[in-house]
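Chemist: Sharing a structure with you now.
The values are calculated or read from the model by the stated rules, or taken from the named source; none is laboratory data. Note that this is a predicted model, so its numbers are computed, not measured. Ideal geometry is used to build each Cβ from the backbone, glycine not excepted, and the neighbour counts take in all protein chains shown. Accessible surface is based on the protein model in full, side chains and every heavy atom, while ligands, DNA and RNA are left aside. Shrake-Rupley method; radii C 1.70, N 1.55, O 1.52, S 1.80 Å.
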Amino acid sequence: MLAASLVAVLAAGEPEPTAPSTVPAVSFRNHVVPVLTKMGCNSGACHGAAAGKNGFSLTLRGYDPAADYDAITRQAGGRRVNKLEPAKSLLLLKPTEVVPHMGGKKFAPGSPAYEVLARWVASGMPAPSDTDARFVSLDVTPGDFTLAPGTVTPLTVRARFSSGATEDVTVWSRFASADETVAQVDDRGRVTVKGPGETAVSVSFLTGVAMTRVRSPFPAPVPEAVFASAVRHNRIDDLVIAKLRQMQIPPSGLAGDAVFMRRAYLDAAGILPTRAEVEAFLADAAPDKRARLLDALLQRPEFVDYWTYKWSDVLLVSSRSLSRNNVRAFYGWIHDNVAANTPWNRFVYQLTTASGRTDENGAANYFLIHRSPIEIAENYTQAFLGITLTCARCHNHPMEKWTQTDYYGFANLFARVAMKEDGGASAKGDTATIVSTAEGDILHPRLGVAMPPRPLDGVPMASHAQEDRRAYVATWLTSPANTQFARTVVNRVWANYFGRGLVHPFDDLRYSNPASNEPLLDALSADFIAGGYDLRALMRTIMLSAAYQRSAATTPGNEKDDRFYSRYLTRRLPAEVILDAFSQVTGVPEDFGGYPRGTRAMQLRDTRAESYFLSVFGRPERVVTSSAERMQDPTLPQALHTINGETLNTKLMADDGVVARMVASGRSNDDVLTDLYWSALSRPPSARERAAILARLGDGLSADPAARRRSLEDLAWAVLTSTEFLFAH
């Protein structure tokens with residue numbers, strides 16, 4: 001009896017995890033494949049590699065049970081199994097190292113894994129069948145728990161099958177922690193809490209993925225009065241404070257008016273406020289002045305430029321794949337829709353169904369950039385659903401529930417798009433015409449047939465349907481019932497204003513990567529849908545919140561918080577914003593070849609515009625839709641270019657620049673210093689800064705003009721390369 005053998009194994013001190021005491025008839029699909037997966041036999045480092053190992057090839061993580069069955073029972077003359085003497089099967093002898101095995105010992109004789117495989121061989125090696133019960137879902141308990149560091153708790157995983165049966169599959173499940181500084185999990189599902197914070201432990205079995213959340217509050221208790229008295233401006237703050245209370249993290253106070261104004265201008269429009277704007281704002285005593293500031297800011301042309309650039313990153317507007325005319329048309333279409341505040345669902349619907357000449361309907365260029373259903377399937381889901389499908393192109397996704405069948409069903413929704421390029425055979429003709437056709441399918445590479453066109457987790461189209469497949473997927477995508485669509489853009493917008501998404505990375509909304517504040521993301525998404533997918537309204541709500549307006553300064557107890565928004569997260573400004581700020585403060589615009597003088601970096605249609613500064617500071621190439629394309633981490637080349645490079649130094653030394661004009665006007669060093677601080681940092685110099693700097697400069701009026709100019713250029717360089725200038729705070 002299998003149960004008796006397991007008891008004997010445990011009594012003998014076998015380290016393998018326990019299996020259920022009752023096991024149904026062994027199914028290749030539902031029992032053998034999970035064993036091979038758990039033991040790593042079908043991993044990419046072993047027989048699941050594309051070429052297999054030592055002549056034995058399995059599908060990666062068992063995504064094709066029929067092929068695996070054939071490899072085990074038919075290939076190599078069937079010598080891997082021995083029906084008459086199961087214990088002599090190579091399937092058992094090799095992983096137990098009774099005979100040499102390059103992969104090492106995977107399990108011991110008599111272990112649960114051994115018993116399942118032996119029982120399957122002894123029962124006649126039943127093949128996977130269409131009548132097999134199919135896996136439906138996973139349940140993990142406990143599903144959400146709070147524990148102190150050092151605590152160990154086991155997880156239990158149950159699989160539900162289409163027959164209605166459930167099985168304890170803990171022993172065959174795979175586990176992973178998203179943050180091992182908070183909690184670690186071993187291969188038996190035992191969770192050990194390591195430190196304060198919150199993380200997700202993901203569990204996978206067959207094609208199912210489930211998740212449990214592990215929470216460990218910070219150790220120092222925070223008085224309830226701290227949370228009760230915390231400033232709240234809207235619903236966002238209620239949910240943020242609730243999370244901070246749960247985690248025992250105190251919030252910082254609100255930022256001052258000047259800091260808030262500078263932050264809002266940079267985050268929403270990529271520009272600095274002028275000295276006159278800051279001084280007027282500081283002089284305004286009205287209690288609603290921050291709300292009025294945001295209302296005006298969200299109507300500025302710079303706001304339109306900023307978000308046109310952001311969406312051009314997502315949609316990959318680039319002359320790498322488009323002619324200049326088509327780049328201009330696509331960028332113009334995005335710009336017009338941002339200016340009109342087109343609802344996000346309508347914007348994406350129009351993009352998805354775009355047809356006609358690419359110079360007349362700029363959105364149609366999306367299908368020139370993505371010339372195959374494969375390209376569209378991967379970039380489209382990343383852009384609008386925060387889902388990375390790429391792994392499922394070749395096999396079932398190893399970390400998510402998406403199968404290869406899901407992938408090709410989704411890709412087939414874009415298989416009937418045709419284009420006629422007016423430029424002839426060139427890949428970048430000046431114009432093209434995009435149309436939907438009545439024929440065309442992409443074949444599943446393993447099955448050799450076309451999958452019914454089907455949205456992810458959606459209802460498939462009838463194979464004979466003649467309606468535009470793009471309209472079908474666009475309707476599904478933008479439906480209010482598809483909350484993932486709203487969650488994805490809400491998270492993108494949140495990340496822009498806070499430097500980190502509620503889900504991080506901000507375009508990775510897989511099930512096993514939950515939000516740091518799920519109730520908040522759910523509430524914002526529901527409000528976004530109810531409000532008609534209004535992006536400006538969403539941004540206004542976010543920026544009005546006390547969470548956004550908090551100081552970046554820490555308070556005792558929140559120094560280590562980087563995800564619950566107890567304070568504003570300081571971060572380096574994007575490359576384009578820094579370059580535009582250099583130009584704004586120095587009064588010397590950047591020259592971009594092919595663009596009129598005075599064009600800001602945030603107005604560039606194409607990221608291939610020549611600029612060493614933008615390249616070294618991490619602007620994306622717009623090749624793939626991924627947050628990883630933009631580089632935000634500081635690098636040595638950035639530091640060297642800031643110190644010695646031409647970009648900033650040329651502007652500082654320009655004869656028509658701010659420094660030269662101030663010297664020529666005869667203004668005192670004190671005036672120059674004050675004006676420089678206001679224009680660059682949105683504040684006057686402190687008394688200490690003023691005294692120290694003026695002591696070095698003197699009054700300057702009697703000094704040699706050339707020497708004085710060099711001194712003031714050095715001063716401006718020091719301000720413009722400071723952390724305070726280069727970072728949002």
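Chemist: In sequence order, what are the phi-derived ³J(HN,Hα) couplings for the stretch 478-489 according to the Karplus relation 6.51 cos²θ - 1.76 cosθ + 1.60 with θ = phi - 60°, rounded to whole Hz, with x for glycine and proline?
Modeler: 8, 5, x, 6, 8, 5, 4, 4, 5, 4, 5, 6
Chemist: Using a 1.4 Å probe and counting only protein heavy atoms, arrange TRP120, TRP172 so the residue with the most accessible area comes first. Please list the in-between numbers first.
Modeler: Numbers: TRP120 0, TRP172 25 Å².
In descending accessible area the options line up as TRP172, TRP120.
Chemist: A follow-up question, please. Can you list residues from other chains, or at least 5 along the same chain, whose modelled amide H is less than 5 Å from the amide H of ASN234?
Modeler: ALA546
Chemist: Would you work out the relative contact order for the stretch 56-200, in percent, from Cα pairs under 8 angstrom that are 6 or more residues apart? Show your work: numbers first, answer last.
Modeler: Numbers: 198 pairs, mean separation 20.2, N = 145.
Value for the stretch 56-200: 14 percent.
Chemist: Given axes a ≥ b ≥ c from the Cα gyration tensor, I'd like to know whether the stretch 196-349 is rounded (a/c under 1.5), prolate (a/b larger than b/c) or oblate.
Modeler: Working: a/c = 2.85, a/b = 1.19, b/c = 2.40.
Oblate is the answer for the stretch 196-349, as a/c is 1.5 or above yet b/c matches or exceeds a/b.
Chemist: Moving on. Taking θ as phi - 60°, what are the ³J(HN,Hα) couplings along the stretch 431-440 by the Karplus curve (6.51, -1.76, 1.60), each to the nearest whole Hz, with x for Gly and Pro?
Modeler: Values, residue by residue: 9, 8, 10, 9, 9, 8, 10, 8, 9, x Hz.
Chemist: Starting from one equal scatterer on each C-alpha and no solvent at all, send me the Debye-based log10 I(q)/I(0) for the stretch 240-286 at q = 0.26 Å⁻¹, two decimals.
Modeler: -0.90
Chemist: For the stretch 536-620, what's the relative contact order in percent, using C-alpha pairs closer than 8 Å and at least 6 residues apart? Please report the intermediate quantities before stating the final value.
Modeler: Numbers: 68 pairs, mean separation 18.9, N = 85.
Value for the stretch 536-620: 22 percent.
Chemist: As a test of reading the structure, rank CYS391, CYS41 by solvent-accessible area (1.4 Å probe, protein chains only), most first.
Modeler: Numbers: CYS391 50, CYS41 20 Å².
The most accessible residue leads, giving CYS391, CYS41.
Chemist: Return the sequence-ordered ³J(HN,Hα) values of the stretch 278-284 in whole Hz as given by the Karplus equation 6.51 cos²θ - 1.76 cosθ + 1.60 applied to θ = phi - 60°, using x for Gly and Pro.
Modeler: Karplus-based 3J(HN,Hα) across the stretch 278-284 equals 5, 5, 5, 5, 5, 7, 6 Hz.
Chemist: In terms of the Cα gyration tensor, with a ≥ b ≥ c the square roots of its eigenvalues, is the chain rounded because a/c is under 1.5, prolate because a/b exceeds b/c, or oblate?
Modeler: On the way: a/c = 2.31, a/b = 1.68, b/c = 1.38.
Note, shape of the chain comes out prolate.
Chemist: What are the residues whose amide H is under 5 Å from the amide H of ARG683, where those residues sit 5 or more places off or on another chain and H is modelled from the backbone?
Modeler: Those qualifying (amide H under 5 Å, at least 5 residues apart or on another chain) are TRP678.
Chemist: How much length, in nm to one decimal, is gained on full extension between VAL152 and LEU282, taken as 0.36 nm per residue of separation minus their Cα-Cα distance? Before the final figure, lay out each step's value.
Modeler: Details: separation 130, 0.36 × 130 = 46.80 nm, distance 5.36 nm.
Taking 0.36 nm per residue and subtracting the Cα distance, the gain is 41.4 nm.
Chemist: Using DSSP to define loop residues, name the trypsin sites (Lys or Arg not before Pro) in the stretch 85-128 whose beta-carbon has at most 16 other beta-carbon atoms within 10 Å.
Modeler: On the way: sites: LYS88, LYS105, LYS106, ARG119; in loops: LYS105, LYS106.
Here the sparse-neighbourhood loop sites are LYS105.
Chemist: Using r as the Cβ-Cβ distance of ALA176 and ASN341, and R0 as 41 Å, what FRET efficiency do you calculate, to the nearest 0.05?
Modeler: Taking R0 as 41 Å, the efficiency between ALA176 and ASN341 is 0.50.
Chemist: Helix 687-697 versus the longest principal axis of the chain: what is the Cα-based angle in degrees, 0 to 90, to the nearest 10?
Modeler: 60 degrees
Chemist: Treat every Asp and Glu Cβ in the stretch 309-456 as -1 and every Lys and Arg Cβ as +1, leave all other atoms uncharged, and give the resulting dipole magnitude about the Cα centre to the nearest 20 debye. Kindly include the intermediate steps, with their values, before the conclusion.
Modeler: On the way: 14 positive and 13 negative charges, 32 e Å.
Taking the Cα centre of the stretch 309-456 as origin, the dipole is about 160 debye.
Chemist: Under the rule of at least 5 residues apart or a separate chain, name every residue whose amide H is placed under 5 Å from the amide H of VAL136.
Modeler: Answer set, sorted by chain and number: ARG160, PHE161, SER162.
Chemist: Using protein chains only and a probe of 1.4 angstrom, how many square angstrom of ARG160 are accessible, to the nearest 10?
Modeler: 100 Å²
Chemist: Now for a separate question. Semi-axes, largest first, in whole Å: what does sqrt of 5 times each Cα gyration tensor eigenvalue give for the stretch 362-480?
Modeler: Working: eigenvalues 116, 50, 45 Å².
Working through the eigenvalues yields semi-axes of 24, 16, 15 Å.
Chemist: Just to verify a number: what accessible area does VAL304 come out at with the full protein assembly present, 1.4 Å probe, Å² rounded to tens?
Modeler: Rounded to the nearest 10, the figure is 10 Å².
Chemist: What translational diffusion coefficient, in µm²/s and rounded to a whole number, does the Stokes-Einstein relation yield for the stretch 475-624 at 10 °C and a viscosity of 1.306 mPa s, taking the hydrodynamic radius as the Kirkwood radius over Cα pairs? Don't skip to the end; give the middle numbers.
Modeler: Working: Rh = 17.8 Å.
Estimated diffusion coefficient is 89 µm²/s.
Chemist: For ILE387, tell me the accessible area in Å² from a 1.4 Å probe, rounded to the nearest 10.
Modeler: 20 Å²
Chemist: Would you kindly state how much longer the chain becomes between HIS464 and ALA418 on full extension, computed as 0.36 nm times their sequence separation minus their alpha carbon distance, in nm to one decimal? Can you show the working numbers first?
Modeler: Numbers: separation 46, 0.36 × 46 = 16.56 nm, distance 1.88 nm.
Between HIS464 and ALA418, full extension yields 14.7 nm more.
Chemist: Could you give the nm distance between label points at ARG696 and THR475, where each point is 7 Å from its Cα heading toward the beta carbon?
Modeler: Computed distance between label sites ARG696 and THR475 equals 6.8 nm.
Chemist: A further question follows. Using 5 Å bins from zero, what percent of all Cα-Cα pairs in the stretch 463-525 falls into each bin?
Modeler: Histogramming the stretch 463-525 at 5 Å steps yields 4, 17, 25, 18, 12, 9, 7, 5, 2, 0 percent.
Chemist: Loop only by DSSP, 16 or fewer other Cβ within 10 Å of the Cβ. Give me the trypsin sites (Lys or Arg not before Pro) in the stretch 217-273 that pass, ordered by residue number. Walk me through the numbers before you get to the answer.
Modeler: Values: sites: ARG232, ARG235, LYS243, ARG245, ARG262, ARG263; in loops: ARG232.
Here the sparse-neighbourhood loop sites are ARG232.
Chemist: Over the stretch 416-554, calculate the relative contact order: mean separation of alpha carbon pairs under 8 Å at least 6 apart, over the residue count, as a percent.
Modeler: Working: 124 pairs, mean separation 18.2, N = 139.
That works out to 13 percent.
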